[in-house]
Amino acid sequence: MSLAADSSRSLRLTALTKEFSTFTAVKALDLEIPAGKFFALLGPSGCGKTTTLRMVAGLDVPTSGTIHLGDDEITYEKPYRRPVNTVFQNYALFPHLDIHENVAFGLRRRKAKDVDEQVRAMLELVELEGQARKKPPMLSGGQQQRVALARALINRPEVLLLDEPLGALDLKLRRGMQIEIKRIQTEVGLTFVHVTHDQEEAMTMADTIAVMNGGEIEQMGSPAELYENPRTTFVANFLGQSNLIAGTVSNAGSDVVKVDMQGTQVSIAADRAHVQSGPGWVGIRPEKVLIAPEGEPIDAPGNHMQGGVVTDVSFVGVSTQYLVRMPWGQELMSFEQNTGARGIIARGTKVDVSWRPEFSFLLPASQDVNAGAVEES
Ligand code: ATP
């Protein structure tokens, strides 16, 4: 079922600001969300993502700035007059009405035509055709969330806002629902704006993620872009895990930036170097860090370092996660897939460490090395 968005009607936030009495929750946010895309606002608790969503829904009035849908300004429009619907974490279904009537509610109130037919199509979309005559308390959490989704979508909003919609579900169900909601979004083709503090959830579902920190957007891009080429330590730590190693730029060329990293010269591709001079953090993801017992070959040209010692080995099934203490005292993480190609390296083994230069990135030293690392779940 396509409810496809008019591609010219992007959602635009311009210098959007929300001040509470003593606190600025959202600071001059500029954001354009293309029509028909799945967009995630990702950030830790208190970063301002719910406040942003509430302003789009019309539940909070901005202190300044504007909100447009296509050419229409909706900054001060009443919530019910906006072509926007919200799905919250608590499903807020009517317990005394059956599923069919819950979904039909908005249409009946507006005296719409073909209500039963539309409800049936919508229940089919969320794969609940067989549950139509049950009451909400008889359904599982995931099913209730799908009813909430159907109830919002049947109003044919241009933009669907999802505020931590899976927060109440257990982990396994969450994973299933992430894929399910993504499928529904692709099928209906509407703009979805999803607020979450769960980086894996954002990466699984969204076409584009905006990482928020302290009321501002720290970086925006596709999940792969943000993961492979973060611009700040906050993003590098908040999305997945990173090794961040202190270094100093020795030469900034147009293609490659050279960094003195604890006595080793490492090269960083210029488009991944977010510092051109002075100190910085050389970043490398743990799964890109290869290790081998001292003297054995490693399949990664460049950046070859000796003198590591394995200090911790965690076998987690699909991979083995090593901690390797380097000569300068820092422990690096190295995650290796358990392909069976080689045995597990024991704690205490001396190892060489290497990574392909094209995988590393260079971040400003101005931000704390641990920014974004403490993630609640
Ligand atoms: P969470 O995931 O915990 O909901 P969030 O990123 O969605 O976090 P917001 O709910 O947008 O964060 O809140 C941003 C900041 O604004 C927080 O520090 C919060 O305490 C503050 N805040 C939110 N609502 C109000 C209010 N009505 N009065 C004062 N401060 C508020």
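Points worth noting:
- Taking each residue of the stretch 35-57 that is assigned to a strand (DSSP E or B) and looking for partners that are within 10 Å of the ligand (Cβ to nearest atom) and of a type in the set (D, E, K, R) with beta-carbon atoms closer than 7 Å, six or more apart or interchain, yields Leu41/Lys49.
- Residue match in the stretch 100-118 (condition: among the small types (Gly, Ala, Ser) and within 26 Å of Ile33 (Cα to Cα)): no
- Residue in the stretch 282-289 that is of a type in the set (Val, Ile, Thr), part of a strand (DSSP E or B) and at pLDDT below 95 present: no
- Test: residue in the stretch 63-76 that is within 16 Å of Leu160 (Cβ to Cβ), in contact (Cβ under 8 Å) with a residue 12 or more places away in the chain and within 16 Å of the ligand (Cβ to nearest atom): yes
- Here is the figure for the stretch 192-225: residues that are more than 9 Å from the chain's Cα centre (by Cα) and closer than 18 Å to Ala373 by Cβ total 5.
- Residues (open to solvent by 30 Å² or more (accessible area, probe 1.4 Å) and either part of a loop (DSSP other than H, G, I, E, B) or aliphatic (A, V, I, L, M) (or both)) located in the stretch 299-315: Asp299, Pro301, Gly302, His304, Val309, Val313
- Gly348 vs. criteria in contact (Cβ under 8 Å) with a residue 24 or more places away in the chain and either more than 30 Å from the chain's Cα centre (by Cα) or part of a strand (DSSP E or B) (or both): yes
- Pick from the stretch 125-136, criterion in a helix (DSSP H, G or I) and at pLDDT below 90, ranking: most open to solvent (accessible area, probe 1.4 Å): Glu129
- One residue from Pro279, Pro301, Pro293, Pro297 being farther than 30 Å from Glu180 by Cα and without any contact (Cβ under 8 Å) to a residue 12 or more places away in the chain: Pro297
- Residues of the stretch 228-266 classified as open to solvent by less than 40 Å² (accessible area, probe 1.4 Å) and part of a helix (DSSP H, G or I), total: 6
- One residue stands out in the stretch 50-59 among those that are within 13 Å of the ligand (Cβ to nearest atom) and over 20 Å from Asn213 (Cβ atoms): the one that is least open to solvent (accessible area, probe 1.4 Å), namely Ala57.
- Residues satisfying the stated conditions in the stretch 11-34, i.e. assigned to a strand (DSSP E or B), surrounded by fewer than 18 Cβ atoms within 10 Å (Cβ to Cβ) and near the ligand (Cβ under 8 Å from one of its atoms): Phe20, Phe23
- When the stretch 64-113 is limited to residues that are assigned to a strand (DSSP E or B) and among the small types (Gly, Ala, Ser), the one that is farthest from Glu129 (Cα to Cα) turns out to be Ser64.
- If you go through the stretch 155-174 and keep only what is open to solvent by less than 20 Å² (accessible area, probe 1.4 Å) and in contact with a Phe, Trp or Tyr (Cβ under 9 Å, 6 or more places away or on another chain), you end up with Val159, Leu160, Leu161, Leu162, Pro165.
The values are calculated or read from the model by the stated rules, or taken from the named source; none is laboratory data. As the structure is a computational prediction, the values presented were derived from the model and not from experiment. FYI the Cβ positions are ideal-geometry reconstructions off the backbone, even for glycines, and counts take in every protein chain you see. Heavy atoms of the whole protein, side chains included, go into the accessibility calculation; ligands, DNA and RNA do not. Shrake-Rupley method; radii C 1.70, N 1.55, O 1.52, S 1.80 Å.
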